[in-house]
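Take a look at the structure below.
The values are calculated or read from the model by the stated rules, or taken from the named source; none is laboratory data. The model shown is predicted, which means the values in this text are computed figures rather than measured ones. Note: ideal-geometry Cβ built from the backbone for every residue, glycine included; neighbour counts use all protein chains shown. SASA here: full protein model, heavy atoms, side chains in, ligands and nucleic acids out. Shrake-Rupley method; radii C 1.70, N 1.55, O 1.52, S 1.80 Å.
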Amino acid sequence: MNQATHPTLSGAARRGEANRPQPWNPGVPFSLDPVEAVRVNLSAAERRTAALAGRRTVKKEWQAAWLVRAIQCIDLTTLSGDDTAGRVRRLCAKARHPLRADLQEALGLAGRSITTGAVCVYHRFVAVAIEALEGSGVPVAAVSTGFPAGLSPLETRLKEIEASVADGAEEIDIVITREHVLTGNWQALYDEVKTCKAACGGAHMKTILATGDLQTLRNVARASWVAMMAGSDFIKTSTGKEGINATLPVTLVMLRAIRDYREMTGHVVGYKPAGGISTAKDALAYLALVKEELGNDWLQPNLFRFGASSLLADIERQLEHHVTGRYAAFSHHAMA
């Protein structure tokens, strides 16, 4: 990446810039034409992304700036069967202050409001998170629609969306019925996503494609198109529960679908890779790919999110190394 176009540390932390209103995609009438027109060259996608880390590297203060931006784009997440209200409150405290005060000051960001992009929880904990985040400006995202399998009756899934919105969730992460993709039933997928969007009301909707279950990159691209036509405000790779989650080739395919959809309709859609992104190096590669494919506008939390929790600890370690020249143990940083 051209370092002259990188954000400065202070620029990366400007919340007025980073928290611009999220996209609202009204969708378009269903059409098979763009779905059937999809072509994906697997070898080319793999070559393009395999070369990314070697060609696009940033160092020193530029790397620190990118990592601060990555923090602002994290949906800090806990989606475990043993979640408790106490764990969610701790997560929200971390979302409000993801960087230790001494590190923030050493980076020249004292007095800046730096938070994560959102906190993502099960519906059961939406009200808890809303209370814990009051006054922070950090939105709560709820996973709904029978997460992670998405095989509950549609009526049940819609009621879950409505309940999360009623409890105060500003973002809803839905999961699709993978069978619709695997059998090529694109109309059914469109109808399902469109119905979920209507249930979201004023909340923004992220559609999880569970790309690791979709078998081919062509299916990923087709599902992306249908989800966007049906009104998804974001398209998201994974639940984090599949055997294969976010990958750079999948990201490339989804980013190009977003670009093509915007060119066709004029509507802007965000992107969220989730699952398996746990190191600062990983985050930098995803940010570089987003910048190259969609441009600087997508390097903001209103259009880009990481679905992650352990990622934050490694970013903090890298920033501490930038400041002190030493790596701290993971236990040195508050658990996310």
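Place the peptides 230-237, 151-158, 198-205 in order of packing, highest mean first, counting for every residue the other Cβ atoms within 10 Å and averaging per peptide.
Working: 230-237: 26.0, 151-158: 14.1, 198-205: 18.5.
For the peptides 230-237, 151-158, 198-205, the packing ranking is 230-237, 198-205, 151-158.
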Which of the aspartates and glutamates could a cross-linker bridge to K291, judged by Cα under 16 Å and excluding same-chain residues fewer than eight apart? D260, D282
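Take the alpha-carbon positions of the stretch 246-336, form their convex hull, and give its projected area averaged over all directions (one quarter of the hull surface) in nm².
Working: hull surface 25.5 nm².
Mean projected area for the stretch 246-336: 6.4 nm², to one decimal.
Sum up the charges of everything whose Cβ sits under 11 Å from the Cβ of S238, counting Lys and Arg as +1 and Asp and Glu as -1, but leave S238 out.
Numbers: positive: K236, K241, K272; negative: D173, D213, E242.
Net charge around S238: 0.
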In degrees between 0 and 90, to the nearest 10, how far off the longest principal axis of the chain does helix 60-72 point, with axes built from Cα atoms? 50 degrees
Over the chain: helical MRE at 222 nm, DSSP H runs n ≥ 4 each giving -39500 (n - 2.57), nearest 500: -13500 deg cm²/dmol
What distance in nm separates the simple spin-label points at R39 and E155, each placed 7 Å from Cα in the Cβ direction? 4.6 nm
Fluctuation leader among S224, S136, S164 - the chain, Gaussian network, Cα springs under 10 angstrom: S136
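Determine the gain in length on full extension of the stretch K60-R262; use 0.36 nm per residue of separation and subtract their C-alpha separation, reporting nm with one decimal. Walk me through the numbers on the way to the answer.
Working: separation 202, 0.36 × 202 = 72.72 nm, distance 3.47 nm.
Contour length minus the Cα-Cα distance gives 69.2 nm.
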Amide proton proximity set for T78, modelled H, under 5 Å, gap of 5+: C120
Defining a contact as two alpha carbons under 8 Å apart and six or more residues distant in sequence, what relative contact order in percent does the chain show? 22 percent
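For the chain, which whole percent of the accessible surface, found with a 1.4 angstrom probe, sits on carbon and sulfur atoms? Don't skip to the answer; put the middle values down first.
Values: 6790 of 13360 Å².
Here it works out to 51 percent.
Per residue, how much accessible area does the chain have with a 1.4 Å probe, in Å²?
Working: 13360 Å² over 336 residues.
Per-residue value: 40 Å².
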Using a cut-off of 13 Å between beta-carbons, work out the net charge of the residues near E155 (Lys and Arg +1, Asp and Glu -1, E155 not included). -1
What is the Cα centroid distance between the stretch 64-119 and the stretch 215-233, reported in whole angstrom? 30 Å
Specify the residue with the greatest mean-square fluctuation among A149, A288, A64, computed from a Gaussian network of the chain linking alpha-carbon atoms under 10 Å apart. A149
Scoring only Lys, Arg, Asp and Glu (+1, +1, -1, -1) among other residues with Cβ under 15 Å from the Cβ of F306 yields +2
Once fully extended, how much extra length lies between A51 and D191, figured as 0.36 nm per residue of separation less the alpha-carbon to alpha-carbon distance? 46.6 nm
With everything on Cα atoms, drop me the angle between helix 280-294 and the longest principal axis of the chain, reported from 0 to 90° to the nearest 10. 50 degrees
Between V28 and E105, how many nm apart are label points set 7 Å from Cα along the C-beta direction? 5.3 nm
Mind putting a number on the dipole of the chain about its Cα centre? Charges go on the C-beta only, +1 for Lys and Arg and -1 for Asp and Glu, and I need it in Debye to the nearest 20. 920 debye
For helix 85-96, what angle does its Cα long axis make with the longest principal axis of the chain, in degrees from 0 to 90 and rounded to 10? 70 degrees
